[in-house]
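J.: Would you mind keeping the following structure in view while I ask a few things?
Read the figures in this text as sums done on the coordinates, not as results from a lab. Predicted, not measured: the structure shown is a model, and the values here were computed from it. Neighbour counts are summed over all protein chains in view; Cβ atoms, including those assigned to glycine, are modelled from backbone coordinates with ideal geometry.
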Amino acid sequence: MTTKKPNKTGWTEERLRNLFAHYNRKYWQGQLPDYRLVMAAMPDVMGRCDSKRKVITVDVEQHESDHELRGTILHEMAHGAAFIRGSRGHDLKFFAQLETLLQRRAPVGIDTPEAGKVQILADLVPPRFPLLRRRMDRVEARRRKVLEREIAKHNLTEEVITDDDILREFEESAGELTWKEAVIVVGLRNGMVDETGRPLTSWSRRILDKAKRKHTQARRDHLQYMKLYKDSQSVPAAYARIKSAGGISRITIPPLEVPKSL
């Protein structure tokens, strides 16, 4: 009877540091700055790169194999390399690093973590990164199949979201979100942008142009209403303070005027 070889061997922070140094020499010609490698439990992610503090943290226990763990180290190192070039997360500069690693046949995995906060992966990676784009398209195909199985299993009906629905969502978000915040929140939910707000397609850019006009007007109306409401509340309070101090005994409180567009 043969004993099955474990997929994951013992890992220490020293071993992680040695792996970082090896990959730095092999894939970045030793140009990455020194990072501190830390093993720690993280419930939400398998790895994290703090490029400002030069710390890479890995949750070793979440990984099922050495191969998967090595892929996580490369993922975080790609963030470190992209940060030097001005990256803000899972953006084009990060994708450029992944494409180079794939070209060099590095053991980096491509799955949903490489997409960041994006959930709808279609068109996320532009054609100029062909290897990464093909890998991400496969991930999106798997995601879509799982979704279709769930729809069939529970006899659900797919809802078609129109351009007008999206524009209305942007407009309704104006009471809570600035335009930049709305682009991320609403844009991500509808598969229009990456996590930095970059439009993914010409359709996305066209809808965002229309949405910005509607959001700007709705935001202006909201802020105007809030100012009028605040003023209407502050006048009686000011009158009460004046009267209690023995001042004027009568004051006219102007009516609250609500913008006609609301």
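J.: Using only alpha carbon pairs under 8 Å that are at least six residues apart, calculate the relative contact order of the chain and give it in whole percent.
T.: Result for the chain is 12 percent.
J.: Sticking with this one: Using Cβ counts within 10 Å as a stand-in for footprinting exposure, how do Glu64, Glu140 rank, fewest first?
T.: Glu64, Glu140
J.: Considering only Cα-Cα distances, which of the following residue pairs are longer than 19 Å: Lys180/Lys210; Lys117/Lys212; Lys180/Lys212?
T.: In this structure, Lys117/Lys212 lie more than 19 Å apart at Cα.
J.: Ok, one more. Determine, for Val160, Val58, the number of other Cβ atoms within 10 Å of each Cβ, and report the residues in order from fewest to most.
T.: Val160, Val58
J.: Select from the chain the helices, each a whole stretch of DSSP H, whose alpha-carbon atoms run 18 Å or more along the helix axis and whose Kyte-Doolittle mean is at least -0.5; answer none if there are none.
T.: The answer, listed by residue number, is 66-84.
J.: Rounded to the nearest 20 debye, what is the charge dipole size of the chain about its Cα centre when +1 sits on each Lys and Arg Cβ and -1 on each Asp and Glu Cβ?
T.: Dipole size: approximately 740 debye.
J.: Now for a different question. With a 10 Å cut-off between alpha carbons and a GNM built on the chain, which of Thr12, Thr157, Thr100 moves the most?
T.: Thr157
J.: Comparing Glu61, Glu181, Glu150, which has the greatest mean-square fluctuation in the GNM of the chain with Cα pairs linked when under 10 Å apart?
T.: Glu150
J.: Using Cα positions and a limit of under 20 Å, work out the aspartates and glutamates in reach of Lys8, with same-chain residues fewer than 8 apart set aside.
T.: Asp59, Glu61, Glu64, Asp66, Glu68, Glu76, Asp111
J.: Could you give the radius of gyration (one decimal) and Dmax (whole number) of the Cα atoms in the stretch 163-244, in Å?
T.: 17.9, 63
J.: Rounded to the nearest 5, what % of the DSSP beta bridges within the chain are antiparallel ones?
T.: 55
J.: Viscosity 1.306 mPa s, temperature 10 °C: what is the translational diffusion coefficient of the stretch 13-153 from Stokes-Einstein with a Kirkwood Rh over Cα pairs, rounded to a whole number of µm²/s?
T.: The calculation lands on 101 µm²/s.
J.: Select from Ala21, Leu37, Gly47 the residue farthest towards the positive end of the dipole of the stretch 3-47; place +1 on Cβ of Lys and Arg, -1 on Cβ of Asp and Glu, and compute about the Cα centre.
T.: Ala21
J.: Further question: Of Asp59, Asp231, how do they rank once you tally other Cβ atoms within 10 Å and put the fewest first?
T.: Going from least to most buried by this count: Asp231, Asp59.
J.: Would you work out the charge dipole size for the stretch 13-153 about its Cα centre, treating the Cβ of every Lys and Arg as +1 and the Cβ of every Asp and Glu as -1, and quote it to the nearest 20 debye?
T.: 540
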